[in-house]
Amino acid sequence: MLAPLAAVAGGVFAARFADFSTPDVALGAACAALLAAFGLRRPDLHATRAGMTACLLGFALCAAWLQGLSLRPAPDRVDQVLDRAAVDWDLPLRWQGWVRSPPRDLGDADQLVLEVESITGVGPAHGGVQATVAREPGDPPLALRYGDRVEWLGRPRRLANLGNPGAFDRVGWLARRRIHLAVSVRPKAPWAPLPGRGGSRFEAWRWRLRELLRQRLRALAARAGRSGSDAEASLEAMLLGERAALRPGLRADFQRSGVYHVLVVSGLHVGLLAAAAFWLCRLVGAPRRWGAAAGLAAAVGYALLLEDSTPTGRAAWMLALYTAAALLFRQRRPLNVIAAVALGFLLFQPALLADVGFQLSFLSVGLIAGIVAPLFERTVEPWRQAFRQPWNADLDLHLDAAAAARRVRLREWLEPLERLSRLPRPWASGLLVAAARSGLAVVSMALLSSVLSLGLAGPLAWHFQQFAGGGPLANLFAAPLLAVIVPAGLLGLALDAAPLYTLAARAVEALAAVARWTVETLPLDRDVPPPPAWLVAAALAAAVGWGWALRRPRFGLLLAAAPACLAAACIVVHPFPPAIEPGKLELTAIDVGQGDALLLGLPDGSAGLVDAGGLPRYGPDPASFDIGEEVVAPYLWRRSIRRLAFLAVTHPDADHLGGAAAILRRFPVDRLWLGPVSYPAYEPLLALAKERGVPVERLSQGRTLSLGGAAFDALWPPATASPLAASNNNSLTLLVRYGSHELLLAGDLESDGEAAVAQAVRGYNGEVLKLAHHGSRTSSTSLLLQTFRPELAIASVGLGNPFGHPHAAALDRLRAAHARLYRTDLDGAVTVLSDGRRLEIRSFRRP
């Protein structure tokens, strides 16, 4: 099944770059079928190979056709309907539909998924929309359940990805969940119930059961005295897939220690549940077949229960095929089972090939089946056979000569131990054998975790920019603890048994302590820039070669593992320089939604950052997250930037300051630049800078610095600026000079501040202006534009932001000043390069 899987994956990948029409695919598939039939009917080996190649070509063509079909939207899909109706996207619409995913509390808003049925004044439509309902302080959360039909008033927003290289494909991720539009609902906006119900009865039953289990879990936590604790939040995540209550610090500990996979419901949880059900049946004397059937039923039921059951569904299908092979007395080939399940999922939903979870799930189980299994056969399995009933000499007859000789030597060691200890044979040998088997289990877990760490180093660095070096050690404790948490937690939940819940909660607390100890005591985790694509491909090829070599005894274990270890070492060390052009000054406005984050590449090859904020609610994701952690840091790592010469924060607004703490935590920073005014919002950042040993410099009007081959002039605010004034007008304003070019970075200045800056830049022949306050009505004044005379203006704004930035009046003034405008909401990340004489500009969407 591996060859058809590779052909289907290749076809899906090819469909991203070319359009495969139905007639073209039909003709190609017919030709491939004829070639396959001709080649497979002839006894010639070359003809047979040609026929097999034609078969695989047919698989690839069909997969490309299916992927093309999935990318063509239905004409009545909600976003297509709005486009044809030419609605005004700035005005709210009245929608009718039903609740597909009940509200999730975001603190100051609710987020839910609604299935649209019709739109007033537009007509029938279908498809999911992600609605974010703002709340005023004191407002209760929305009380809606799955299937409730409602009418609501909300403003539509197109889904869009951030325009940065390598940015997360949120549009594709939501499309795979049948969500095609976002809707913003203002506080107090009317919600009217409609008669009838939507959805299916099974889904309604599943949501009611999940809510019942969630309430029972919280009641058990209250009875155990752990209400509101990390243990309660962790158990909700591990057992029910509810991660909203997880504390960010707890998430970070699990991620950086390499055990985050135990904190989210995955195939590992399904396997542990199935194993627990199997052994429970065996303990009561049930036949193995009954135990296997019980394990499969438990896995399938658990997968159906969960809201986003894709990972557990994949595990349940693999378990079903593997169990079916055992029940039908067929040879069980794990790689074939894995490939068959992956093939089925790709044929059903080709877009899954781009899903990170899909890639990591099948790569993990592929590494286990392709490398760990043969590695165990050559290392652990011979010793396991030796310690299996060592006094039973009849077993020697069923083993190969080397294994039998090992058992004979073991008995020679055990006989003196029996005489010296004066214990009965079962006791004397039993203690030693139990200790040896425990040691073998530890070695097995260490080998498994090490192989996964090496094999997944490339994909994890590519997608998440992390390498958890402490993972192999932390997993030695995480695996047995999870084997307690999943069965005890689910059984306690089903039986409403507080003692079982307490056992699971204590195991969770021990697991959290292990994760925290691994991070604090063993600083082996590293932030790793994404490796080049060729290095990731080489690492995957080395993993394939490792599995191939392990099945050939002539290759030693170290020789087989050497290429994979070398590739992983290159990924972790990342011996590649930053992607900054020496001898040039670079200004890149990173797309962070509604906010500012400006990268400055200096002529000496170093880099600095001005602001690191953004309001994601008006950008890529309605849910709150750290823009520095999720957007700015990954962009810097993708440029192989691992150190910053400076971090400047212009003023304390969240859309500028919000991600600065994450940047200080994740990057060595040589200096922190702030304006002369102290604000309470700066206190956590200053404390973090002191903890990390980062010197703080207060810049005020008249200060000039030379750094990295460029000159920095602080134009505003003055040292006597009042903290009572609006923070926008106290924005730290920098003029960056290199050669004959000047770049003005104006923070969120408004008209009063711009008037003072206009006096300071008089006489400069300005080239680049970063628009103050995102191009608001009160900024980008005619006075500043006539004085500085920029040839190019950059607006850092979020797509569809509710503030109307950049304002029409500011756009009119820019046109009058003949300044060419680039906007991050339309152009993506905007980059300006200067060699001191000539300017070069490019953007993510307009190269």
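The values are calculated or read from the model by the stated rules, or taken from the named source; none is laboratory data. Note that this is a predicted model, so its numbers are computed, not measured. Note that each Cβ is placed from the backbone with ideal geometry, even for glycine, and that neighbours are counted across all protein chains shown. Each accessible area value is taken on the protein alone, full model and side chains, heavy atoms only, with ligands, DNA and RNA left out. Shrake-Rupley method; radii C 1.70, N 1.55, O 1.52, S 1.80 Å.
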statement: Selection from the stretch 495-522 of residues touching a helix residue (DSSP H, G or I) at 6+ places or on another chain (Cβ under 7 Å), at pLDDT below 90 and acidic (Asp, Glu) yields Asp496
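Condition test on Ala541, is it farther than 26 Å from Arg666 by Cβ and either in a helix (DSSP H, G or I) or open to solvent by 30 Å² or more (accessible area, probe 1.4 Å) (or both)?
Numbers: farther than 26 Å from Arg666 by Cβ: yes; either in a helix (DSSP H, G or I) or open to solvent by 30 Å² or more (accessible area, probe 1.4 Å) (or both): yes.
Judged against the criteria, Ala541 is a match.
Tell me, which residue of the stretch 396-408 that is buried (at least 16 other Cβ atoms within 10 Å of the Cβ) and assigned to a helix (DSSP H, G or I) is nearest to the chain's Cα centre (by Cα)? Before the answer, list the steps.
Taking the stretch 396-408 and keeping what is buried (at least 16 other Cβ atoms within 10 Å of the Cβ), we get 396, 399, 403-404, 406-407.
This time we only want the ones that are assigned to a helix (DSSP H, G or I), so: 396, 403-404, 406-407.
On the way: Asp396: 50, Ala403: 46, Ala404: 49, Arg406: 47, Arg407: 48 Å.
Only one residue fits best here, namely Ala403.
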Whichever residue in the stretch 227-246 is modelled with pLDDT under 85 and among the charged types (D, E, K, R) and, among such residues, is least open to solvent (accessible area, probe 1.4 Å): Glu242
statement: Residue hits (the stretch 165-185; closer than 24 Å to Gly121 by Cβ and open to solvent by less than 30 Å² (accessible area, probe 1.4 Å)) are Ile179, Leu181, Ala182, Val183, Val185
- request: Taking Gly163 as the residue in question, decide whether it is within 19 Å of Arg16 (Cα to Cα) and either under 16 Å from the mean Cα position of the chain (by Cα) or modelled with pLDDT under 90 (or both).
  value: no
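Results for (1) among the aliphatic types (A, V, I, L, M); (2) open to solvent by 30 Å² or more (accessible area, probe 1.4 Å), shown as yes or no for each residue.
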site: Leu114; (1), (2): yes, no
site: Glu117; (1), (2): no, yes
site: Thr120; (1), (2): no, yes
site: Val129; (1), (2): yes, no
site: Pro137; (1), (2): no, yes
site: Arg149; (1), (2): no, yes
site: Trp152; (1), (2): no, no
site: Arg155; (1), (2): no, yes
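Got a number for residues in the stretch 50-87 being assigned to a loop (DSSP other than H, G, I, E, B) and among the hydrophobic types (A, V, I, L, M, F, W, C)?
Qualifying residue count, the stretch 50-87: 3.
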message: I'd like to know if the stretch 181-194 contains one or more residues that are β-branched (Val, Ile, Thr) and over 21 Å from Asp355 (Cβ atoms).
response: yes
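Yes or no: His46 within 30 Å of the chain's Cα centre (by Cα), of a type outside the set (Gly, Ala, Ser) and open to solvent by 60 Å² or more (accessible area, probe 1.4 Å)?
Details: within 30 Å of the chain's Cα centre (by Cα): no; of a type outside the set (Gly, Ala, Ser): yes; open to solvent by 60 Å² or more (accessible area, probe 1.4 Å): yes.
For His46, the condition - within 30 Å of the chain's Cα centre (by Cα), of a type outside the set (Gly, Ala, Ser) and open to solvent by 60 Å² or more (accessible area, probe 1.4 Å) - is not met.
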- prompt: Does Leu162 count as in contact with a Gly (Cβ under 9 Å, 6 or more places away or on another chain), in a loop (DSSP other than H, G, I, E, B) and either crowded, with 20+ Cβ neighbours inside 10 Å or in contact (Cβ under 8 Å) with a residue 24 or more places away in the chain (or both)?
  reply: yes
task: Identify all residues within the stretch 56-101 that are under 28 Å from the mean Cα position of the chain (by Cα) and open to solvent by less than 30 Å² (accessible area, probe 1.4 Å); write none if there are none.
output: Ala63, Ala64, Gln67, Gly68, Val78, Asp79, Val99, Ser101
field: Number of the exception - Pro531 against (1) of a type outside the set (A, V, I, L, M); (2) in contact with a helix residue (DSSP H, G or I) (Cβ under 7 Å, 6 or more places away or on another chain); (3) modelled with pLDDT of 90 or more; (4) assigned to a helix (DSSP H, G or I)
entry: (4)
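Taking the stretch 680-722 on its own, how many of its residues are small (Gly, Ala, Ser) and more than 20 Å from Leu602 (Cβ to Cβ)? Full working, then the answer.
Going residue by residue through the stretch 680-722, those that are small (Gly, Ala, Ser) are 681, 687, 689, 693, 700, 702, 706, 708-711, 714, 719, 721-722.
Retained after the next criterion (residues that are more than 20 Å from Leu602 (Cβ to Cβ)): 681, 687, 689, 693, 700, 702, 719, 721-722.
Final tally of qualifying residues: 9.
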query: What do you reckon, is Pro684 more than 29 Å from the chain's Cα centre (by Cα), under 28 Å from Leu724 (Cα atoms) and open to solvent by 10 Å² or more (accessible area, probe 1.4 Å)?
result: no
message: Quick check on Leu715: is it modelled with pLDDT of 90 or more, more than 21 Å from Thr588 (Cβ to Cβ) and open to solvent by 10 Å² or more (accessible area, probe 1.4 Å)?
response: yes
- request: Would you tally the residues in the stretch 699-709 being in contact with a strand residue (DSSP E or B) (Cβ under 6 Å, 6 or more places away or on another chain) and not in a loop (DSSP other than H, G, I, E, B)?
  value: 2
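Taking into account only those residues within the stretch 95-112 that are among the hydrophobic types (A, V, I, L, M, F, W, C) and either in contact (Cβ under 8 Å) with a residue 60 or more places away in the chain or not in a strand (DSSP E or B) (or both), which is nearest to Arg208 (Cα to Cα)?
From the stretch 95-112, those among the hydrophobic types (A, V, I, L, M, F, W, C) are 95, 98-99, 106, 109, 112; that's our starting set.
In the following step, the residues that additionally are either in contact (Cβ under 8 Å) with a residue 60 or more places away in the chain or not in a strand (DSSP E or B) (or both) were identified as 95, 98-99, 106, 109.
On the way: Trp95: 25, Trp98: 16, Val99: 13, Leu106: 21, Ala109: 23 Å.
The selected residue is Val99.
For the condition surrounded by fewer than 22 Cβ atoms within 10 Å (Cβ to Cβ) and among the β-branched types (Val, Ile, Thr), what is the one hit in Val451, Val508, Val442, Val486? It would help to see each step written out before you state the result.
Values: Val451 fails: surrounded by fewer than 22 Cβ atoms within 10 Å (Cβ to Cβ); Val508 fails: surrounded by fewer than 22 Cβ atoms within 10 Å (Cβ to Cβ); Val486 fails: surrounded by fewer than 22 Cβ atoms within 10 Å (Cβ to Cβ).
When all the criteria are applied, what remains is Val442.
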message: Just to confirm my filter: which helices (runs of 4 or more DSSP H) fall fully inside the stretch 571-679 and include at least 2 residues that are open to solvent by less than 10 Å² (accessible area, probe 1.4 Å) and on the phi < 0 side of the Ramachandran plot?
response: 633-638, 660-666
- line: Quick count over the stretch 186-200, residues being open to solvent by 70 Å² or more (accessible area, probe 1.4 Å) and modelled with pLDDT of 90 or more, is 3
message: So Leu734 passes all but one of these: (1) assigned to a strand (DSSP E or B); (2) open to solvent by 50 Å² or more (accessible area, probe 1.4 Å). Which condition number does it fail?
response: (2)
message: Take the conditions in a helix (DSSP H, G or I), at pLDDT 80 or above and among the aliphatic types (A, V, I, L, M) and apply them to Leu440. Does it pass?
response: yes
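Can you go through Pro684, Pro718 and tell me which one is within 19 Å of Ala662 (Cβ to Cβ) and either touching a strand residue (DSSP E or B) at 6+ places or on another chain (Cβ under 9 Å) or outside any strand (DSSP E or B) (or both)? I'd like the intermediate steps shown before the answer.
Details: Pro718 fails: within 19 Å of Ala662 (Cβ to Cβ).
On inspection, the qualifying residue turns out to be Pro684.
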message: Within the stretch 188-206, does at least one residue satisfy the condition of being assigned to a strand (DSSP E or B), out of contact with any Asp or Glu (no Cβ under 7 Å at 6 or more places or on another chain) and within 30 Å of Asp596 (Cβ to Cβ)?
response: no
- request: Those residues that are open to solvent by 60 Å² or more (accessible area, probe 1.4 Å) and touching a residue at least 40 places away in the same chain (Cβ under 8 Å), I need them from the stretch 266-313; list them, please.
  value: Leu268, Leu304, Glu307, Asp308
field: Within the stretch 737-844, strands (runs of 3 or more DSSP E) holding 3 or more residues that are β-branched (Val, Ile, Thr) and either within 29 Å of Leu162 (Cβ to Cβ) or open to solvent by less than 40 Å² (accessible area, probe 1.4 Å) (or both)
entry: 830-834
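Given the criteria closer than 16 Å to Arg104 by Cα and either without any contact (Cβ under 8 Å) to a residue 60 or more places away in the chain or in contact with a strand residue (DSSP E or B) (Cβ under 9 Å, 6 or more places away or on another chain) (or both), does Ala192 qualify?
Working: closer than 16 Å to Arg104 by Cα: no; either without any contact (Cβ under 8 Å) to a residue 60 or more places away in the chain or in contact with a strand residue (DSSP E or B) (Cβ under 9 Å, 6 or more places away or on another chain) (or both): yes.
Considered against the rule, which asks whether it is closer than 16 Å to Arg104 by Cα and either without any contact (Cβ under 8 Å) to a residue 60 or more places away in the chain or in contact with a strand residue (DSSP E or B) (Cβ under 9 Å, 6 or more places away or on another chain) (or both), Ala192 comes out as no.
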